[in-house]
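The values are calculated or read from the model by the stated rules, or taken from the named source; none is laboratory data. In this text the structure is predicted, and so the values were computed from the model without any measurement. All Cβ positions, glycine included, derive from the backbone under ideal geometry; neighbour counts span all protein chains shown. Keep in mind that these areas ignore ligands, DNA and RNA; they rest on the heavy atoms of the full protein, side chains included. Shrake-Rupley method; radii C 1.70, N 1.55, O 1.52, S 1.80 Å.
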Amino acid sequence: MDLAFTPEEQSFREEVRTWVQANLPKDIAHKVHHALRLTRSDMQGWAKILGKKGWLAFGWPKEFGGPGWTAVQKHLFEEECALAGAPRIVPFGPVMVAPVIMAFGNAEQQKRFLPGIASGEVWWSQGYSEPGSGSDLASVKTRAERVGNKYIVNGQKTWTTLGQYGDWMFNLVRTSTEGKPQTGISFLLLDMKSPGVTVRPIKLLDGECEVNEVFFDNVEVPAENLVGEENKGWTYAKHLLSHERTNIADVNRSKRELERLKRIAKREGVWDEQRFRDQIALLEVDIVALEMLVLRVLSAEKSGKNSLDIAGLLKIKGSEIQQRYSELMMLAAGPFALPFIEEAMQAGWQGDFPGGEVANAPLASTYFNLRKTTIYGGSNEVQRNIVAQTVLG
Amino acid sequence: MDLAFTPEEQSFREEVRTWVQANLPKDIAHKVHHALRLTRSDMQGWAKILGKKGWLAFGWPKEFGGPGWTAVQKHLFEEECALAGAPRIVPFGPVMVAPVIMAFGNAEQQKRFLPGIASGEVWWSQGYSEPGSGSDLASVKTRAERVGNKYIVNGQKTWTTLGQYGDWMFNLVRTSTEGKPQTGISFLLLDMKSPGVTVRPIKLLDGECEVNEVFFDNVEVPAENLVGEENKGWTYAKHLLSHERTNIADVNRSKRELERLKRIAKREGVWDEQRFRDQIALLEVDIVALEMLVLRVLSAEKSGKNSLDIAGLLKIKGSEIQQRYSELMMLAAGPFALPFIEEAMQAGWQGDFPGGEVANAPLASTYFNLRKTTIYGGSNEVQRNIVAQTVLG
Amino acid sequence: MDFDFSDDQQSLRDAVRRWVDKGYTFERRRGIVAAGGFDRAAYGELAELGLTALTVPEAHDGLGQGAIDVMVAMEELGRGMVLEPLAHAFIASSVLTQYAPAELQAAWLPRIASGEALVVLAQQERKARYALQKCDAKAAPAQSGYALEATKSIVPAGDQADAYLVPAQLDGQIALFLVERSASGVSAQGYVTQDGSRAAEVQFASAPATLITQDGLTALELAVDTGIAALCAEAVGVMDKAVALTVDYMNQRKQFGVTIASFQALRHRVADMKMQLELARSMSYYASLKLTAPAGERRTAMARAKVQLGQSMRYVGQQMVQLHGGIGVTDEYIGSHYFKKLTQMEMTFGDTLHHLGEVSNRMQDTAGVFA
Amino acid sequence: MDFDFSDDQQSLRDAVRRWVDKGYTFERRRGIVAAGGFDRAAYGELAELGLTALTVPEAHDGLGQGAIDVMVAMEELGRGMVLEPLAHAFIASSVLTQYAPAELQAAWLPRIASGEALVVLAQQERKARYALQKCDAKAAPAQSGYALEATKSIVPAGDQADAYLVPAQLDGQIALFLVERSASGVSAQGYVTQDGSRAAEVQFASAPATLITQDGLTALELAVDTGIAALCAEAVGVMDKAVALTVDYMNQRKQFGVTIASFQALRHRVADMKMQLELARSMSYYASLKLTAPAGERRTAMARAKVQLGQSMRYVGQQMVQLHGGIGVTDEYIGSHYFKKLTQMEMTFGDTLHHLGEVSNRMQDTAGVFA
């Protein structure tokens, strides 16, 4: 047992750090460090910079053009990006659909889709959830009817994160109503510029439009965009969900935000109030414990000796921590977190923020926004079901 | 709306207070105030004093020899007893079986059993739970077979609180296995001195024997000891359980124990530590909120205008508060709550308690003992089921 | 000891609830938020219902009612998340009645009662957080009355109000002043807050001020306590509705072929929401019933109440969102607005940790409703 | 970064587990508790397993192993709730090795390694609670060495041990001494503690003492931190078993015609127990891995670990009892003993609130496993 990273791992970290410092645009990092709103071009701009370096596809094996990193290297890369204030990599392309295409797509599909994902040129969206189908994914109703060499798609997806920017979309669609709900699902890639696709942004409680409804009205999808076999999509979907949980703990980001929380507490005068400070201390313990849990998973992956089936724990604890730091930031500012001035959440705003501290502007919105973390990606209730299943049978 | 008690209620309180002060033996109050162990004669002694005054049956209507008090008067009586350090009234006779005998027993049974209960002469035990039947009471298996003018009882009861002192016992027994489990249950009164009755005390985790197993081996019970009709016992049992929940919040006792907690905190030097003191403050808020909840129920009973169906809430919150004050008492003493010296929990022990403060002796045992409060009387899980049922349907 | 409402109080509740249900729909509210978070017409309707006059003495054209009537009204306004800051009418009325010179009372109380004048407490300063005794605002004697130098933040409807109650330092202690918005040197910059209501930064530059009392801290404490009691009642209304919304949704939303109301883990969460709601309601009663107690007892009671309400609001709000899932975080759905309202209320008049400190500092040997 | 155990560590774990399962059954343990809570024979068996020698340097007939080996052993002892205070062998070995003069090391370390000498930390004083710097014990130079005046409480196996490590004031600062139980002026009054183990009040009346170090507070901090790391590991073993017992019971106990493992509300509680267990295990690794870090970093790490472990122990212990229902509070059932053990451990070497204060006071700008 050894807590230290190997010299090779440490020099890898140094390499990443140096590169990120040199290549991450300062204005973008500023926005991330202050929770200011990111534009499409902030997100895609950074994706393309990573893509050029070959690091947007950081989780891919070498054979598909990825760097072929170990689990520890991926962790270190993500940690350095997070601490430097890089935007979260939008996962739908490189992290979610790409592994499915690699595992189940044909050579033609791999050649056609993977390069655009790896370069950051093509923005992918996710078509999983539907209005009646949230935690219960197998109940998807969006129909895809095979007519000749096309599928005709009708139905509706929802909670499509950043779908308003999407070029392509991967979808779970129903191609059969026979047998168990799971057996009639197919995995379809769909050009969002196809006729019949309508995207309607959903305004969330923090005032931002981060998710969308996507409607399909007789959308024609070439049959060649079917991944794998018809009616086997549920298998691929599960494969994808297992990848979605990579870094689900998001502990690196929480470490960065803990530092920010401390800065806010100092600025707002509660750092020296024991009662408030203790709350930060409790969070600090939570974050260290979560980081150790993540490191244990990495070590198990690295050695292959012990498997640690605790993705559910990472999701639950990671999301609770995100909610808690945002809550404490808001409570630290107290009354001065209450003004809702949308423009003040944009970089470069020159107005007078109440109390004079514009850095307080996004605190409540972030708190509101992060309520999603215990709902999406498999709600924490579903995660507890899964954990209980592994423990109790 | 008015928070103050009426002048009549206040003078009633004065009357009770004066009487309790004059009649509650000092040595018993001392034990209660210091959580020292009570003997049978402490408990029965106080019961007989109350019985002589006519107040052991304080919840009974006048027609059966009770004082006929209002809900508020009962509350004030219990509060004065609790604050003065009177032992809890052992409820199995006056609070539990008596209302069943009044409501469903015949005149003969009422004449035969009620006077001994009201005077405190006869100690009753409860025969509800069985090893396989805790939260699921309807699954009782103890059989009572009618043979002539007798029932032959075979089976086992458990968790019989203070059953080692019992003279009589009321039992749920199975007289039929037809139909739903609920329909074959009868309510039987049983002389514990009958041949074939064996009482085995169960030692609990705090070292005390507070509950018992009771075995029945061909115990003969005269048929005249059947309450109401055969196979209708479930109805009577539910009637009893509704009475069991009277004062289930136990807020008066918690108020007394909060005062004791503060004394302990001062003695142990944590009263001036903000971190510990805040925990007491949180408990104080909990207790005031619970007391208000209790007063609301009393007011509703008094006026009959609004019914407040929140017995489950009183049980849940009341028990959680009991567990919390005992936990804080133990934590206040910290290391000095760790010695387990049984004799030091008896009144008048003259030994040297570690650290010199013998009042710390029972703290951990009390904490351990009170874990029962979220389990018995309908576990808090069952209570939450009930509350959810009233809210969600 | 009696927690029944009088027939008059029941009628008051019915009238306010009717108005909220019919006159202050979610659509109307949404329009008011979009237009800046305050609607004078809606405030006028509150006045027509008699609410602005509720606690103004009859001698000043008010109804002379007490804290329980306020509680009833605020609960109902909470159910509809009414944006207009009626609580400040109760604050102004109680402070002016108890502390202001007769002529000041005569000048303002009838206008407060009629709804003609909206007078709000302008107390928050940047460095004060929730501490009432921290006050940098300064007053000095001037030709007629006093001149005020101050910056006050997050003043409810601060650019719409007609006058402010302003604490400021005078001769080494905090005094309380009344300043009209139309006075020279007063400027207000308004904005919407997280719950959709309106607030403003208000600057006082040598603004002419009328002294209410030199015993300003005591008066300010009464003002805030009046606000806390009203807020507790309002929060009960908000939570009552939040629980009802959650129950409705859970009985309708299906997953895995059954309503989500059938999942035991979620049912227990609802039981805990109900617990928090009823504890909160109990402590709201307590706060209103203790509002007329001697200052020390009153302050302790408000701190206790706010600790319970703060915990309840956080739990009920967060669980409401969680039990709704995705729909619970959308702007379109009414529930998310209840959550934001509860969040803001926890941070108004002192948050939970602040009041926990108050309770902790004020603890006595014995404790209970009557101690 | 590697959390795998070496083959030797795995063998160690297997050996200790075998002994616990076969040699330290619940029945034997119950007998030891009834007989006073300490069994020298059992301690001898620990020595035979090599555990008392684990961290003693090879030069002193020890095995010269490190904190991870200790962790492995303590986890397994925790699973069996072993009463004999092995952790104090590690404490004595680390303190003597790092602070004692050579001749003192030579005199005691081999005997500690062999199990011949049980040396325990005697540090608790009535007024100190968990503060290490509070110490009323006094030492003064005497003919040969020092004379000690002290009363120490809750000393583990205090009337069975062969010697004590005792902090005491000397020349205005805390120094650390070794005192033999057989020395004149030493008297010990033993008793059983809540978890069934033995402790004693130990009086030192002009007792002859040997100076270990004048830098006693630093040595005491190392002693306590060594104890904390061992305790964390032990607690993981206790909790691991507690969760397993609960799972077994839930899959067997039926109510309403089904196993109680089928109730979702209870299942989620088990998921939370598993969460607490794995967070605790992670922080136990962290504590052991940080035991050799510089003192400041080490102290911070131990405080963080103890906060997590404290929370975990309380949750797992309380839930274990609750999920068992009535059987969980009986003396007959093994589970209640795990609960009592966890309760006592939370209050050993500083409770959760104490260590939260340590974490709070020690916070830096950045935080994480490597900061």
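Considering only residues that are open to solvent by 30 Å² or more (accessible area, probe 1.4 Å) and in a helix (DSSP H, G or I), which ones fall in region C:290-318?
C:ALA295, C:GLY296, C:GLU297, C:ARG299, C:GLN311, C:ARG314, C:TYR315, C:GLN318
Part of a helix (DSSP H, G or I), within 12 Å of chain D (Cβ to nearest Cβ), under 20 Å from B:ARG275 (Cβ atoms) and in contact (Cβ under 8 Å) with a residue 24 or more places away in the chain - does that describe any residue in region A:284-305?
yes
Please count how many residues of region D:175-232 are in contact with a Phe, Trp or Tyr (Cβ under 8 Å, 6 or more places away or on another chain), farther than 22 Å from D:LYS290 by Cβ and aliphatic (A, V, I, L, M).
Of the residues in region D:175-232, 11 are in contact with a Phe, Trp or Tyr (Cβ under 8 Å, 6 or more places away or on another chain), farther than 22 Å from D:LYS290 by Cβ and aliphatic (A, V, I, L, M).
So, in region C:16-55, exactly how many residues are closer than 27 Å to C:ALA223 by Cα, aliphatic (A, V, I, L, M) and open to solvent by 30 Å² or more (accessible area, probe 1.4 Å)?
So the count comes out to 3.
Yes or no, residue by residue, for (1) modelled with pLDDT of 95 or more; (2) part of a loop (DSSP other than H, G, I, E, B):
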{"position": "A:VAL219", "(1), (2)": "yes, no"}
{"position": "A:LYS238", "(1), (2)": "no, no"}
{"position": "A:LEU241", "(1), (2)": "no, no"}
{"position": "A:ILE248", "(1), (2)": "no, yes"}
{"position": "A:LEU258", "(1), (2)": "yes, no"}
{"position": "A:TRP271", "(1), (2)": "yes, yes"}
{"position": "A:ARG277", "(1), (2)": "yes, no"}
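If you check D:ALA87 against the conditions, is it touching a residue at least 12 places away in the same chain (Cβ under 8 Å), buried (at least 20 other Cβ atoms within 10 Å of the Cβ) and either among the hydroxyl-bearing types (Ser, Thr, Tyr) or within 26 Å of B:ALA332 (Cα to Cα) (or both)?
Answer is yes for this residue.
Please count how many residues of region C:187-200 are surrounded by 21 or more Cβ atoms within 10 Å (Cβ to Cβ) and more than 10 Å from chain A (Cβ to nearest Cβ).
Residues flagged as surrounded by 21 or more Cβ atoms within 10 Å (Cβ to Cβ) and more than 10 Å from chain A (Cβ to nearest Cβ) within region C:187-200 amount to 1.
Got a number for residues in region A:356-374 being at the interface with another protein chain (Cβ under 10 Å from one of its Cβ atoms), under 18 Å from A:PRO335 (Cβ atoms) and open to solvent by 30 Å² or more (accessible area, probe 1.4 Å)?
So the answer is 2.
Can you name the residue in region B:161-204 that is of a type in the set (Ser, Thr, Tyr) and in a strand (DSSP E or B) and is also nearest to the other protein chains (Cβ to nearest Cβ) among such residues?
By that ranking, first place goes to B:THR198.
B:LEU258 passes all but one of (1) open to solvent by 10 Å² or more (accessible area, probe 1.4 Å); (2) closer than 21 Å to C:TYR286 by Cβ; which number fails?
Looking at each condition in turn, B:LEU258 falls short on (1).
Name the residue, out of C:ASP4, C:ASP21, C:ASP14, C:ASP8, that is acidic (Asp, Glu) and in a loop (DSSP other than H, G, I, E, B).
Details: C:ASP21 fails: in a loop (DSSP other than H, G, I, E, B); C:ASP14 fails: in a loop (DSSP other than H, G, I, E, B); C:ASP8 fails: in a loop (DSSP other than H, G, I, E, B).
After applying the criteria, what remains is C:ASP4.
If D:ALA161 passes every condition in (1) over 20 Å from the mean Cα position of the chain (by Cα); (2) open to solvent by less than 20 Å² (accessible area, probe 1.4 Å) but one, which one does it miss?
So D:ALA161 meets the others, but not (1).
Would you be able to tell me the number of residues in region B:145-160 that are outside any strand (DSSP E or B) and either touching a strand residue (DSSP E or B) at 6+ places or on another chain (Cβ under 9 Å) or not assigned by TED's automatic domain parsing to the domain that holds B:GLU224 (or both)?
Counting residues in region B:145-160 that are outside any strand (DSSP E or B) and either touching a strand residue (DSSP E or B) at 6+ places or on another chain (Cβ under 9 Å) or not assigned by TED's automatic domain parsing to the domain that holds B:GLU224 (or both) gives 4.
In region C:172-186, which residue that is touching a strand residue (DSSP E or B) at 6+ places or on another chain (Cβ under 7 Å) and in a strand (DSSP E or B) is surrounded by the fewest Cβ atoms within 10 Å (Cβ to Cβ)? Full working, then the answer.
Filtering region C:172-186 for residues touching a strand residue (DSSP E or B) at 6+ places or on another chain (Cβ under 7 Å) gives C:174-181, C:183-186.
Subsequent filtering for residues that are in a strand (DSSP E or B) retains C:174-180, C:186.
Numbers: C:ILE174: 22, C:ALA175: 24, C:LEU176: 29, C:PHE177: 27, C:LEU178: 21, C:VAL179: 27, C:GLU180: 18, C:VAL186: 23.
The selected residue is C:GLU180.
Within region A:313-327, which residues are more than 7 Å from every other protein chain (Cβ to nearest Cβ) and within 22 Å of D:ALA305 (Cα to Cα)?
Result: A:LEU314, A:LYS315, A:GLY318, A:SER319, A:GLU320, A:ILE321, A:GLN322, A:ARG324, A:TYR325.
Quick check on my filter: what residues within region D:213-241 are in a helix (DSSP H, G or I) and open to solvent by 20 Å² or more (accessible area, probe 1.4 Å)?
Within region D:213-241, D:LEU217, D:THR218, D:GLU221, D:GLU234, D:ASP240, D:LYS241 qualify.
Kindly provide the set of residues from region D:68-80 that are buried (at least 24 other Cβ atoms within 10 Å of the Cβ) and hydrophobic (A, V, I, L, M, F, W, C), ordered by number.
Within region D:68-80, D:VAL70, D:MET71, D:VAL72, D:ALA73, D:MET74, D:LEU77 qualify.
Let me confirm something: among D:GLN169, D:GLN203, which residue is in contact with a Ser or Thr (Cβ under 6 Å, 6 or more places away or on another chain), open to solvent by 10 Å² or more (accessible area, probe 1.4 Å), at pLDDT 95 or above and over 23 Å from D:GLU84 (Cβ atoms)?
On the way: D:GLN169 fails: in contact with a Ser or Thr (Cβ under 6 Å, 6 or more places away or on another chain).
So the residue among D:GLN169, D:GLN203 that is in contact with a Ser or Thr (Cβ under 6 Å, 6 or more places away or on another chain), open to solvent by 10 Å² or more (accessible area, probe 1.4 Å), at pLDDT 95 or above and over 23 Å from D:GLU84 (Cβ atoms) is D:GLN203.
Could you identify the single residue in A:GLU79, A:GLU63, A:GLU121, A:GLU108 that is more than 22 Å from A:TYR376 (Cα to Cα) and crowded, with 22+ Cβ neighbours inside 10 Å?
A:GLU79
Give the residue that is surrounded by the most Cβ atoms within 10 Å (Cβ to Cβ), with candidates limited to residues of region B:160-196 that are more than 16 Å from B:PHE113 (Cβ to Cβ) and among the hydroxyl-bearing types (Ser, Thr, Tyr). Don't jump to the end; show me each part of the working.
From region B:160-196, those more than 16 Å from B:PHE113 (Cβ to Cβ) are B:160-165, B:172-186, B:195-196; that's our starting set.
Now narrow it down to the ones that are among the hydroxyl-bearing types (Ser, Thr, Tyr): B:160-161, B:165, B:175-177, B:183, B:186.
Numbers: B:THR160: 26, B:THR161: 18, B:TYR165: 18, B:THR175: 20, B:SER176: 13, B:THR177: 10, B:THR183: 15, B:SER186: 24.
Step by step, filter region B:160-196, then rank; the result is B:THR160.
Right, D:GLY325: on the phi > 0 side of the Ramachandran plot, surrounded by fewer than 24 Cβ atoms within 10 Å (Cβ to Cβ) and more than 10 Å from chain A (Cβ to nearest Cβ) or not?
yes
Sort out which residues of region C:269-281 are among the small types (Gly, Ala, Ser) and either surrounded by fewer than 24 Cβ atoms within 10 Å (Cβ to Cβ) or in contact with a Ser or Thr (Cβ under 6 Å, 6 or more places away or on another chain) (or both), and write them in order of number.
Let us first name the residues in region C:269-281 that are among the small types (Gly, Ala, Ser), namely C:271, C:280.
The answer is C:ALA280, and nothing else.
Can you report the number of residues in region D:264-283 which are more than 7 Å from chain A (Cβ to nearest Cβ) and among the small types (Gly, Ala, Ser)?
Here is the first cut: in region D:264-283, the residues more than 7 Å from chain A (Cβ to nearest Cβ) are D:264-266, D:269, D:272-273, D:276-277, D:280-281.
After this cut, where a residue has to be among the small types (Gly, Ala, Ser) as well, the list is D:265, D:280.
The total comes to 2.
Counting only residues that are surrounded by fewer than 21 Cβ atoms within 10 Å (Cβ to Cβ) and more than 9 Å from chain B (Cβ to nearest Cβ), how many does region C:242-258 have?
Final tally of qualifying residues: 11.
Going through D:THR330, D:THR292, D:THR300, D:THR366 one at a time, which residue ends up being more than 9 Å from chain B (Cβ to nearest Cβ), β-branched (Val, Ile, Thr) and free of Cβ contacts under 8 Å to residues at least 12 places away in the same chain?
D:THR366
Taking the condition within 30 Å of D:ALA59 (Cβ to Cβ), open to solvent by 50 Å² or more (accessible area, probe 1.4 Å) and touching a Leu at 6+ places or on another chain (Cβ under 8 Å), does D:GLN98 pass?
It is true that D:GLN98 is within 30 Å of D:ALA59 (Cβ to Cβ), open to solvent by 50 Å² or more (accessible area, probe 1.4 Å) and touching a Leu at 6+ places or on another chain (Cβ under 8 Å).
So, of the residues in region D:126-150 that are open to solvent by less than 70 Å² (accessible area, probe 1.4 Å), closer than 30 Å to D:GLN194 by Cα and more than 20 Å from the chain's Cα centre (by Cα), which turns out to be farthest from the other protein chains (Cβ to nearest Cβ)?
D:LEU148
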